1. Determine the shape class of region 147-229: with a ≥ b ≥ c the square roots of the Cα gyration tensor eigenvalues, call it rounded for a/c under 1.5, and otherwise prolate if a/b is greater than b/c, oblate otherwise.
2. For the chain, with a Gaussian network of springs between Cα atoms less than 10 Å apart, report the residue from 322, 54, 281 with the top mean-square fluctuation.
3. With axes computed from alpha carbons, what is the tilt in degrees of helix 165-182 against the longest principal axis of the chain, rounded to the nearest 10 within 0 to 90?
4. For a quick check: sort 4, 344 by the number of other beta carbons within 10 angstrom, fewest at the front.
5. Working out 0.36 nm times the residue gap between residue 7 and residue 71, then minus their Cα-Cα distance, what length gain in nm do you get to one decimal?
6. How high is the relative contact order of region 260-358? Use alpha-carbon pairs under 8 Å, at least six apart in sequence, and give a whole percent.
7. Picking from 81, 193, 260, which is most flexible by a Gaussian network model of the chain using Cα springs under 10 Å?
8. Under a GNM of the chain (C-alpha, springs under 10 Å), which listed residue has the highest mean-square fluctuation: 107, 230, 343?
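What follows is calculated from the coordinates using simple rules that are stated; it is not laboratory data. All values derive from a computational prediction rather than experimental measurement. Here the Cβ is made from the backbone with ideal geometry for all residues, glycine too, and neighbour counts use every protein chain on show.
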């Protein structure tokens with residue numbers, strides 16, 4: 001099913017939880033709403049699902065205006081953050097509830113239930129009660145129940161946040177496998193960046209009730225268009241500087257606060273403009289002739305060490321040392337260079353860097 005939001009806003013009193021959202025979602029697309037707490041993502045998914053009616057704007061499904069149609073009358077499955085199963089019903093009865101409510105016979109509903117339990121690899125739990133299952137198993141059942149409704153759309157509202165880390169990783173791949181097999185349009189709300197990157201066809205990054213950026217996982221990570229997206233997705237080093245030179249190839253040379261110059265990616269900014277460069281830790285390397293810095297912290301991350309160093313410009317810079325290579329000692333002097341193609345350049349915010357990247 002194709003979904004279109006046309007200038008959707010949701011106001012509670014004088015406060016806009018969601019403001020002027022317009023986006024089209026393709027049939028079969030897996031779209032994730034990602035953002036910090038309070039950014040409006042849960043409000044937006046509830047508007048799309050029909051739990052809330054927007055204060056302004058329209059929600060269209062396959063070209064039909066469904067703005068005033070409640071959840072129960074839409075072709076939509078909804079999975080909540082807090083696992084909502086009927087505790088007195090068996091797993092088979094929980095999954096078969098929607099088919100029975102649609103008028104299917106007990107036998108037909110049982111067949112539908114079994115098919116969807118097989119999809120989530122939980123058919124052997126069919127006769128058990130929810131309380132006898134783990135949290136991850138219960139959420140699988142909740143997803144199977146939503147899919148068994150036969151809906152063409154699935155809304156996932158922080159479905160994995162209450163689960164253990166290992167279970168979250170396993171279940172997110174199961175969810176994507178299932179919905180892609182069935183061709184269902186999915187809208188998934190999360191604040192977990194890694195989760196969003198793993199499951200999504202596209203990600204909408206939200207901030208303060210508005211869309212900050214939209215793109216594929218690769219686009220928003222490798223080529224963010226806003227300073228907030230560069231900061232919020234993954235990890236990055238942000239250094240305030242000024243454009244010192246533009247090369248013939250269009251590359252930007254910036255002057256750091258200590259007067260040192262480094263090459264960065266192409267940008268539209270002119271000599272003298274105040275800018276910020278964003279360089280991810282994997283694009284910073286120790287090398288002769290680089291920016292001098294003193295190591296202040298090292299953290300083992302499993303496959304690599306994360307090293308933090310205080311540069312001569314008084315900026316903290318993080319970089320990675322692969323596992324097995326020599327890790328510098330605390331207070332050791334290092335010299336750091338940046339991958340110039342990966343050093344993204346943004347206009348320096350007039351209101352200040354901290355406020356521009358703040359999560360509130």
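1. prolate
2. 322
3. On a 0 to 90 degree scale, this one is about 60.
4. 4, 344
5. Contour length minus Cα-Cα distance gives 21.0 nm.
6. So the answer I get is 41 percent.
7. Maximum among the listed residues: 260.
8. 107
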